[in-house]
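One structure is given here, and the rest of the page talks about it.
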Amino acid sequence: MTTLFSISKSIFIFIYILIMCGCGNMMAKMEANKIDADPGTRTIAQRVDDQSIETKAIVNIHDSDEEYDNCHLVVVSFNGFVLLAGQVTSEELRIRAATVIREIPSVKHVYNELEIAAPSSRITRASDTWITTKIKSRLLANPDIPGLRVKVVTENGVVFLLGLLNTEEANRVGEIASEVKGVQQIVQLFETI
């Protein structure tokens, strides 16, 4: 029985390798149509890289100065474009936080939207979360908008929109976001495709 299982497993592996290695050649010989990459999608590796950037940024910023423990920081990465928002106590901390992020590999650009102010209250943060949820829900419910390619971040009533969109899509997303009650300002940080 063990021998039969080993043979079956070996045959399965052989067939799998044969199929996987020959798939492109077979499709080419069959004159398959050109396969284009969708510029609006991110790979799993890019998503993991964005998560890694966010984690490194928060840890490294806090490690650079104890004063950040008294600040409110929001770091969001989308395709290597990093939004830095929240409140810090000085211009020096505002500049240093962006510098720390720029040192992280894979970071393409940093949008430094930090304010020099006291940290926002829990009530303000709850309101921001509610605004983000309403906008994201409207985007996902709209069949004309690729809502999964849009990251929505709200900080102190200011809505930041990141993602991979064409100009028409970006304009439509901005319109939808501006219709939500409680939005003070819309900042579009889209990577145009």
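The values are calculated or read from the model by the stated rules, or taken from the named source; none is laboratory data. As the structure is a prediction and not an experimental result, all values here were calculated from the model. Because the Cβ atoms are built from the backbone with ideal geometry, glycine has one as well, and the counts that use them run over all protein chains shown. Please note that ligands, DNA and RNA were not included when accessible areas were found on the heavy atoms of the full protein model with its side chains. Shrake-Rupley method; radii C 1.70, N 1.55, O 1.52, S 1.80 Å.
In order along segment 157-169, the Karplus-derived 3J(HN,Hα) couplings, from 6.51 cos²θ - 1.76 cosθ + 1.60 at θ = phi - 60°, round to x, 8, 9, 9, 10, 10, x, 10, 9, 7, 4, 4, 5 Hz, and Gly and Pro are given as x. Extents of segment 96-178, largest first, come to 41, 34, 16 Å (Cα atoms, principal axes, whole angstrom). Full extension of the chain segment joining His109 with Glu91 gains 4.5 nm, where the gain is 0.36 nm per residue of separation less the Cα-Cα distance.
Separation between the Ala141 and Ala117 pseudo-spin-labels, each 7 Å from Cα along Cα→Cβ, expressed in nm? Between Ala141 and Ala117, the simple spin-label model gives 2.9 nm. With the whole protein complex present, Leu148 retains an accessible surface near 150 Å², based on a 1.4 Å probe. You can think of it this way: the chain between Ser127 and Arg102 has 6.0 nm of extra reach, that is 0.36 nm per residue less the Cα-Cα gap. Given Lys108/Lys151; Lys56/Lys134; Lys108/Lys136; Lys108/Lys134; Lys56/Lys136, which pairs have Cα atoms separated by over 21 Å? Exceeds cut-off: Lys56/Lys134; Lys108/Lys136; Lys108/Lys134; Lys56/Lys136.
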